[in-house]
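The values are calculated or read from the model by the stated rules, or taken from the named source; none is laboratory data. Bear in mind that the values here come from a model prediction, so they are computed numbers and not experimental data. Glycine gets a Cβ as well: all are built from the backbone with ideal geometry, and neighbour counts include every protein chain shown.
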Amino acid sequence: MIALLILLVVGGMMHAAGTFATDAGTAGTLLAFGYLLLVAYFGGRVVSRLGLPQLTGYLLAGVVSGPFVLDLVTSPMTAKLRVVNGVATCILGLVAGAELNLARVRPIARTLVAIMIFGVIGTILVLTGVLYGIRSMLPIFDGLGTTETLVICGVLAVALIPQSPAIVMALISETRADGPVSQLVLAAVVVADLVVVVIYSLVAAVGSALLGAGVDVAGTALAIGWELLGSVAFGVAIGMLLGLFVRAVKDGAPLFALMVCIVVAEIGVRIHLDPLIVMLTAGIWLENFSRADASSLVHRFESAQLPVFLVWFALAGMRLDLIQLYELALPVGIIAAARALSLYGGTTLACMQTNAAAPITRYGWIGLLPQAGLSLALVVVIQSSFPAFGGFAALLMLSVLGLNQMIAPVLLRIAFVRSGEAGKKVAADFATSATSANHPP
Amino acid sequence: MKPRHLTAALVVPALAALAITTWIATAAADEVGGPGDGGVDAATHVDAGAPARDADLGAPIGRDAAIRAATRRDAGVRAPVLHDADLGASTHHDAGADVPALLDAGVGVPALLEAGAGVPALLEAGVGVPALLDAGVGVPALLEAGVGVRALLGAGVGVPAFLEAGVGVPALLEAGVETRALLDAGVRVHTLVDAGVGVRALVEVGVTVPTLIVAGVRTLVVAGVGIRELIDAGVGVRTLRDAGVSVRALLDAGLGVRALVDAAVGVRELLEAGVGVPALIHAGVSVPSLVEAGVTAPELAAVGIFDNVAGVGDANSGAVVEPPSVTAKTTSESTLFAIKVIGGLVALLMLAYLGAHHRVVRFQARLGISGVITAGFPFVALGVVAALPSVGILTGDVLENMRPLLLFGLGWLGFIIGAQLDIRVLERVPRGTAYMLLVESLLPFVLTAAACGGVMIAFGSSWRDLPMWRDVVLLGAAAAMTAPRRFRGFSRQMWREGRSADVLLTQLDELVGVIGLVFITAYFRTSSTAWQLPDTAWIFVSLGIGVVAGTLIFAMLRIPASNVEFLAVVLGGIAFASGFAGYLRLSPIVVCFIAGVLVTNFPNDARENVFRILRQLERPVHLLFLIIAGAVWSVTDWRGWVLVPVFVLARVAGKWLGIVASRRVLDDKLVRERTLITPLSVLSIALVISVENTYSGNDTWIVTAVIGGAIVSELLVVRRTPSTDSDPDAHIDELDKDSRQ
């Protein structure tokens, strides 16, 4: 009740501010930040009462506040909040990488590889077929030949497949899940994103050549190589630097790590490196290869990530165009269903082939459903790579992504709870140790 | 009273305050026809006025009047139906009486219909279409009877009814139905396109380009849709080029040369479109490509590509030329610039962080430097250096991008100062405190304001200028506030029984600064906005928003279950309150100060958690302030340096007079503890930065006066007055220890 009243008051104040001036200015950015932080948090509280994950509340808060519903937060207000996206990606990458203990992943390596083959690549093929099957519903295919249609279907299928380490991390953090399912899911989504980046790059290059877009294939390959390998190399260097700081300076390591995240987020994209891969690699290095005790750094760092999560997911929710989703409801529904079924089939098959544990077989596929970061990045990339159909592809991808954002976290939360892994991890808290917190979570 | 009841009791007044604030906003927007409800009202007038026909559309009719007019119209339409008495039409009709005769006899249309009279017969008898519609005759029946679409439209039949009746879109368009009406009735865009509606017409009625693309429209450019719209909608340059858009048109639409080059538009075409050689080079076109496109050696030399023009001649003749990589240089220059700025900022913060290391602080203590400003002076100096044009890290743009952080910092400072104002503790202050506070704050305020005002007028400012008065009030308020002789962190200034009067006065006279800011932001407003309120009303808006924000934060603090969640709520609450204040051109310090006071003084058990969170943010906010203060400080403005001694002397004189006045009335330990020279409160600097942020004025000498005055005051304190504060020191670095405990 109190949470609802607070949402009402905050929303009312935001509306009142909107009547004062339309020019956002500097204060508009801070106002939007504070507003999104609060409505996302209290939105999460409200939906959690309904048995839904708080993450859904964060996203819903963004949807309702965004330009397609109440328009309380306008685009100019959030223009400067883009830095939050970059920093959030880096934080998530670092924490996700540090969660990936290779020693713990090794026993499930075979399952992981099988999931990549049957689950990820298999789903790409299935989606290609489905898109070809429903081409009459999609106006971009009008008047195109079979080869061109298949190429576009292939490119779209790859772009529609990415997973979301961010949502998986957020739900692991929220449910404090720990165990084989959460470990496998986290490893799978991280590896799957890397696989998708590589496959997309190849498909895009081939597709461009076949569609006569005049893309320099060698140049594209070089760029991909730099983005992937350069990011990994840069990530190792960052990991070593962080390890060195933790060992030599000790105090202020979380602040230092935050600074590094800002630098990577802002500079990484300028030199065509992928911030997610950079920080992911840094996290993996810290956890698995560094002599520094990285766990304290990462855990203190992890404990303060909630505000970033809140704003980031609310911003993601703001992008969901409900009108567009409604207009494309049928094809989007078919694609989302096909994606989910294919991931289910492929992952189950992979688990059965490798004799994975029963909970992994039963619930592992659900972790591959959520979409966020990489999908959003590909939305931008596909528009610039394929101007002929990129605009429509972006609309389709955003609609599928929106649907998955709303449904998948709910399913994943249920999976963590039913697998018995929820609540098994000890949480670190901000400004105090977990044991001394006045209000244990 | 249970906590939940208490919360509810507090939330309700908050809602009421919100309602009042919104009411004021709405009233103000109505008064000026602002972008808020004014637009809605205008729409209401038109909607209601148009059907009323006799209503004077030009006159500003009220909403009620419009509704009454609309009601009258409705009543008029239905009037013919009202006289349909049941006259036994069935009997008459069966008896062979013709329809006109029955109508003449007063039989109503419904009765005739019920009796089996056909619609054509009724029409033939002169019954109007509206009467038939009112009698329940459906659109299909009327159409079958030969009534045209136009006639039905004229009778008020809506588009959906036609669509339900199976009337095609082309027929409706032919009958004059507007495209917008069809869209509103749910007709799909591609149906309209198929029916021959032009793309331009669709765009004009508000159909977005993405929707058109989804609908498969491929002739957007041909149809005259704005190229900019298409680009914004994600249509690529190549698609536009394929559609026949010229390079010039693309450039006119705001597309950069770089984008055109990336889209493989030929260099020759770009040159022909009027793009200059420098722009092409800047966009990444290589010199050989330019030469291939026919750019001559003198043209290249004219833009400084080659020092050796003869070399280009060689290039033209096919000889190998090694031109400097201008493209790569230009691109890398922008990237390097970005890297320099970002790297510089990070380096700055890391340096500042390391500068606050306990060894550095101990070294400062050995030198006798322990005040809030002098201890942090290296950070101020860092800000000054980073803002130098030759260094170029904290440039105007960078500072502009940091302003949200600055606003947050101001709000945070206001909140933490307010949160320490515990009314219950202040009830136990020694007798005479109020009098002493009054004279020790007001006298420095008046004397400093008068002296600095005099100097400013001497420098050419006019006493008629409002900004001069604003600056005078600002300087007076800054002078009135004091800091303890040893800085112990922002969150450790709360007075308690047993602590010295120095701490007590420090805490209380910050109220002067807050009040000064309330008046400055109310009476010295510069920009015109939708809310046109009397100046005094802005005081109440400030107070109202502060109360709402405080109540809101208090209510919010009851929800979180962990410190991480506390962090999110405190951070969000302060950011929201600061942003709201900044949005309304009010001071975040004032709004958050009031919020802080309320949060502390409402009964709750979350105070310790709040303070723990605030302390965690103490170091970054403190450093941010000092660095930004340094960056906005124009040290070369000599007028500011002239003001420094005036400011310090006037302040000392004011304090001396205050102490003398206190001693005449009070004669106890409280007064004896007072010293002539006291350091300036850190709120003074925040005050200056806040005003500079709100007004972005050119009076940077005020910053010099306050920062310079603060440093001089602290140096004088160190030299003249031994520390009498018995509390142990707690420098910045000790905060970390606290947090680790």
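For the reader, a short list of remarks on this structure follows.
- The listed residue being within 30 Å of A:A257 (Cβ to Cβ) and hydroxyl-bearing (S, T, Y), out of A:T78, A:T74: A:T78
- Here A:V84 meets each of (1) of a type outside the set (S, T, N, Q); (2) surrounded by 23 or more Cβ atoms within 10 Å (Cβ to Cβ); (3) within 19 Å of the chain's Cα centre (by Cα); (4) in a helix (DSSP H, G or I) with one exception, condition (2).
- Any hit, segment B:605-622, residues being more than 30 Å from A:F256 (Cβ to Cβ), assigned to a helix (DSSP H, G or I) and over 21 Å from the mean Cα position of the chain (by Cα): yes
- Test: residue in segment A:7-17 that is closer than 20 Å to A:I407 by Cβ and not acidic (D, E): no
- Of the residues in segment A:300-311, at least one is over 18 Å from the mean Cα position of the chain (by Cα), more than 10 Å from chain B (Cβ to nearest Cβ) and closer than 26 Å to B:A575 by Cβ.
- Selected residue (only one of A:L144, A:L70, A:L125 is surrounded by fewer than 24 Cβ atoms within 10 Å (Cβ to Cβ), modelled with pLDDT of 85 or more and outside any helix (DSSP H, G or I)): A:L70
- Looking only at residues in segment B:581-591 that are out of contact with any Pro (no Cβ under 8 Å at 6 or more places or on another chain) and more than 7 Å from chain A (Cβ to nearest Cβ), the one that is surrounded by the fewest Cβ atoms within 10 Å (Cβ to Cβ) is B:R585.
- Of all residues in segment A:76-110, those satisfying the criterion of being charged (D, E, K, R) and modelled with pLDDT under 80 are A:K80, A:R82, A:E99, A:R104.
- Checking A:A109, A:A98, A:A88 one by one, the residue that is small (G, A, S) and touching a Phe, Trp or Tyr at 6+ places or on another chain (Cβ under 7 Å) is A:A88 and no other.
- Looking across segment B:503-544, the residues that are under 19 Å from the mean Cα position of the chain (by Cα) and either within 21 Å of B:L443 (Cβ to Cβ) or modelled with pLDDT under 80 (or both) come down to B:R525, B:T526, B:S527, B:S528, B:T529, B:A530, B:W531, B:Q532.
- Matching residues, segment B:156-182, being surrounded by fewer than 18 Cβ atoms within 10 Å (Cβ to Cβ) and part of a loop (DSSP other than H, G, I, E, B): B:G156, B:G158, B:A165, B:G166, B:G168, B:A175, B:G176, B:E178
- Of all residues making up segment A:45-67, the number that are in a loop (DSSP other than H, G, I, E, B) and either hydroxyl-bearing (S, T, Y) or touching a residue at least 24 places away in the same chain (Cβ under 8 Å) (or both): 4
- Filter result (facing chain B (nearest Cβ under 7 Å), among the small types (G, A, S), closer than 17 Å to A:K80 by Cβ and assigned to a helix (DSSP H, G or I)) within segment A:1-31: A:A17, A:A27, A:G28
- Residue among A:S182, A:S208, A:S136 that is closer than 26 Å to A:T56 by Cα and either surrounded by fewer than 22 Cβ atoms within 10 Å (Cβ to Cβ) or polar (S, T, N, Q) (or both): A:S182
- Residues in segment B:432-463 that are touching a residue at least 24 places away in the same chain (Cβ under 8 Å) and not in a helix (DSSP H, G or I): 2 in all.
- Residue match in segment B:430-438 (condition: over 37 Å from the mean Cα position of the chain (by Cα) and over 22 Å from B:V652 (Cα atoms)): yes
Matching residues to (1) among the polar types (S, T, N, Q); (2) within 7 Å of chain A (Cβ to nearest Cβ); (3) surrounded by fewer than 21 Cβ atoms within 10 Å (Cβ to Cβ):
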site: B:P534; (1), (2), (3): no, no, yes
site: B:I539; (1), (2), (3): no, no, yes
site: B:A555; (1), (2), (3): no, yes, no
site: B:R558; (1), (2), (3): no, yes, yes
site: B:A561; (1), (2), (3): no, yes, yes
site: B:L571; (1), (2), (3): no, yes, no
site: B:F576; (1), (2), (3): no, yes, no
site: B:G579; (1), (2), (3): no, yes, no
